[in-house]
1. For the list (1) open to solvent by less than 10 Å² (accessible area, probe 1.4 Å); (2) over 17 Å from the mean Cα position of the chain (by Cα); (3) over 25 Å from A:S448 (Cα atoms); (4) facing another protein chain (nearest Cβ under 9 Å), I need the number of the one condition that C:R96 fails.
2. Restricting attention to the stretch A:93-121, and to residues there that are basic (K, R) and touching a residue at least 12 places away in the same chain (Cβ under 8 Å), which single residue is least open to solvent (accessible area, probe 1.4 Å)?
3. What number goes with the only condition from (1) open to solvent by less than 10 Å² (accessible area, probe 1.4 Å); (2) without any contact (Cβ under 8 Å) to a residue 12 or more places away in the chain that A:P59 does not pass?
4. State which residue is nearest to the other protein chains (Cβ to nearest Cβ) when the search covers only the stretch C:117-131 and only residues that are free of Cβ contacts under 8 Å to residues at least 40 places away in the same chain and among the aliphatic types (A, V, I, L, M).
5. Check off (1) closer than 24 Å to A:V449 by Cβ; (2) part of a strand (DSSP E or B); (3) open to solvent by 10 Å² or more (accessible area, probe 1.4 Å); (4) not aromatic (F, W, Y) for A:V163 and give me the number that stays unchecked.
6. One residue is enough: does the stretch A:477-491 have a residue meeting the conditions within 14 Å of chain C (Cβ to nearest Cβ) and more than 29 Å from A:A532 (Cα to Cα)?
7. Residue under question is B:V89, and the condition is that it be of a type in the set (V, I, T), open to solvent by less than 60 Å² (accessible area, probe 1.4 Å) and farther than 25 Å from B:L24 by Cα; does it hold?
8. Please determine, by comparing only the residues of the stretch A:265-296 that are assigned to a helix (DSSP H, G or I), among the hydrophobic types (A, V, I, L, M, F, W, C) and at negative phi, which one is most open to solvent (accessible area, probe 1.4 Å).
Amino acid sequence: METISADVAIVGAGGAGLRAALALADAAPKLRIALISKVYPMRSHTCAAEGGAAGVIKPDDSLAQHFEDTVGGGDWLSDQDAVEYFIREAPKELLQLEHWGCPWSREPDGSVAVRPFGGMKLMRTWFAADKSGFHILHTLFQTSLKYTSIRRFDEYYATDLLVEDGRCRGLTAIEMRSGQMRHFDAGAVILAGGGAGRMFAFTTNGAIKTGDAMALAYRAGVPLKDMEFVQYHPTGLPSTGTLLTEACRGEGGVLLNRHGRRFLQDYGMGPETPLGHPVLKTMELGPRDRVSQAFWHEQRKGNAVSTRWGDAMLLDMRHLGEKKIDERLPLVRDMSISYMGVDPVKDPVPVRPVVHYMMGGIHTDIKAATPLAGLFAAGECACVSINGANRLGSNSLTELLVFGRRAALSSLEYLESQGAHRGAAEGAAEKALGRIRELLQRAGGGESVAGLRKEMMHAMEQHAGIYRSGEGLAAACAKLAELRRRYRNLQLHDRTNVYNTDLLQALELGSMLDCAEAVVQSAAARKESRGAHQRLDFPERDDRNYLRHSLAYYRGAEAPGIDYRDVVITKSKPGVRDYSGEHARAHA
Amino acid sequence: MSTREWVFRHPRYVRYMVREFSCLFIAGWTALMVWGLKQLAEGPAAWAAFLELLRTPASIVFQLATLAFAAYHSITWFNLTPKALPLQVGESFVPGWVVAGAHFAGWAIVSALVLALAL
Amino acid sequence: MIQLEVLRYNPETDQEPRFQRYEVPFRDDWVVLDALNHVKEEIDPTLSYRWSCHMAVCGSCGMMINAEPKLACKTFVRDYSGVIRVEPLRHFPVERDLITVIDDFVAKLARVKPWLMPKEAPANGEYRQTPAQLKRYKQFTLCINCMLCYAACPEYGLIPGYLGPAAITLAHRWNRDSRDGGREARQEEIAAKEGAWECSFVGACSEVCPEHVDPAAAIQQVKIENTVDWYKDHLMPWLKK
């Protein structure tokens, strides 16, 4: 097996991975950096993020307020020391992006503009029209081309982390073009491979979001934290699941049920605000979990709009006017017309909550380090946790930058503490190769990738949705255990080497099954409702027993072991999340 | 890849080749004009012969074809000028038809002048 | 039901590409990508192609659909009748089935030095850039690197060394950014023979671009800027810094 040596190997070349690479190249120009991704960097799902990235810059805003919004938005499950670090670094990172040429939208005087976003008391979301993630990704990617020390391995699929003597010493990856396995011998590894939303049937996530980085760490003994917290974004297109940004509501769009009523006021987010004049942190600018849950209730009451793709609510942006929509929401207009046949300038657009983001992920500390020496993680695949039980929109893009950089610096500190890097883990690499060979050569199994995947998605959609129940979760746990068992009888149809997507999708399915099991087991064990995890059988928040993070530990063929870890509370004691207008006025 | 392979793949490529092809006719017509100048320099008999040449059916067909190609080239060219000359005023751009229109207007004026001189 | 005729090629088993026909259900909200996914999931798991976002922003799914370069995720099955022919993006070597080798493209992107070379060090905070200054180059930032323009460009088809629409447009994007002072550094690439001057303004690139970036416009603007530069250099050399 060909061995490639590097000082730091980064898995994932989206916002977090690229930011880590840039931080390393800047801080240590002689460092050998391997940037490994299963897709070309510009395909990373960061490109689909639309709304913006939060960071305090306006004079009437404060770090304390961003802290409060984030911690409250996370239903007090966020580690407050991490949040304090995050909000402090946020404006610096966004400014750094601007210095790298990111085309942020501007105020008339040339300063960076900010827009309102859900759950935020004040405007602090930097944006680039409604393609913020796209512009951030391309700015980072293009800037990375400056550095010859960043050696890219595009279309390499990472299969296993190599661990020896309790240290992570690199990884194995398949060069997709040839099907050959490569051994990456690295002093430190940073995982930045994104979330796992594709385990659900209906998601904003692209095909590549299959939890591979989470599975890599998980199987190497690192716990997955808070996996039960899956975010539903309120406004996905019912036909494709793709995203209409929260900025639609930030710019003044409103949500209607089939009677034309702005129903959010019936769920603690009222009173109704004037059309086109959204009040931050209330009504349509409430947090994503509350808005999605409101839809679920409306659906039960028979107030949802019926479409050929199922129930929906209406996102009305007509009052914004064509000029504003074309200026600030051009992608939204294009997508509504193309995929729904509806022009938001003329008609309200049917939308529906859709799986969007995973608050949970690889357990890291506030410096992006996992418990496994030499392994770091950042971005959606990681859980620090700053997002707690529910993420506020526009905190995630900033998170990529802050913790991408933090992971890079931590990996450098680690390398310095280690001294000269010793050669590694040949045995483990051979074992990884053996695992893939076995899968490729397996005969007479009878299970297919598509078949197992469909059953997994259906189970998740049915039992691990916006509202869960003990029964449903138990059924999901049983189903995932069964699917993981049946996975061993998976048989490939394509046994060739060159760009074998049957094999790659089989490996991705394996990652998703492991992550999905962690999701449902953690959800079954958490007997309370908090943020995005809502249980019909335990509808209240239980701070006495559950002001803690869940940790899911891989146990091979067995179900994961679940443990808990206290949340770090510094300044903000758990309170009531009040998104009503009275609260907003009282605290204005 | 040979020319035949791509030209007929889509009407846009055919239109492009027609536009480019016009240069043959325009070059030919230019050569004809240079020949005319030469004949003018050689005296009235040569000049008369040249005018006769211009009046032959073949020559008239050629001149009409050249006119058509030249017009096609000019029209497509002027329509493309806004792309090469974006005129920004504040946050908007001068509409394409204004830029192209200015070119057409200029063409019309020059043509009128030439016609006035000739007649 | 509709019929897809898809190019198949596996260098390990095929001497040359062949076509394979698949019958898939007709759904009027399906795009070609949905049809391909159906093929892969229900009929033939060996079919390989790139895709991800399904919303025309990642640029993965460029392919020839009835001989036109298109994004499979934004090409509606309902707009076609008869057999839909699906092939890998033209002008790139075929790696496997609908997957092309795009090394040349990625290398060209890097060659134009597509990063900010600031005119001056930033003062406190952000560079000031008015909405009008942003508007000047905004359109050219929208390229999703889908390479449909390279498939449409006959120059690129004939002259593989040509930098190509997206790469030149990217250079132009940075040149027009008010914060940038790197035009001279990029000249070497884009003013070269195989840079902007290889373009004969066919305009096919702009016609097929799914994001309305208008690379043809960018290239002509580059030509004009280069020409003005040339005259300045030769007729007014005292202007050179």
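1. Checking C:R96 against (1) open to solvent by less than 10 Å² (accessible area, probe 1.4 Å); (2) over 17 Å from the mean Cα position of the chain (by Cα); (3) over 25 Å from A:S448 (Cα atoms); (4) facing another protein chain (nearest Cβ under 9 Å), the one that fails is (3).
2. A:R115
3. Checking A:P59 against (1) open to solvent by less than 10 Å² (accessible area, probe 1.4 Å); (2) without any contact (Cβ under 8 Å) to a residue 12 or more places away in the chain, the one that fails is (1).
4. The residue in question is C:A121.
5. Looking at each condition in turn, A:V163 falls short on (1).
6. Yes: the stretch A:477-491 contains one or more residues that are within 14 Å of chain C (Cβ to nearest Cβ) and more than 29 Å from A:A532 (Cα to Cα).
7. no
8. The residue in question is A:W296.
The values are calculated or read from the model by the stated rules, or taken from the named source; none is laboratory data. Model, not experiment: these values are computed from the prediction. Cβ: placed from backbone, ideal geometry, glycine included. Neighbour counts: every protein chain shown. We work out accessible area using only protein heavy atoms, side chains counted, and drop any ligands, DNA or RNA first. Shrake-Rupley method; radii C 1.70, N 1.55, O 1.52, S 1.80 Å.
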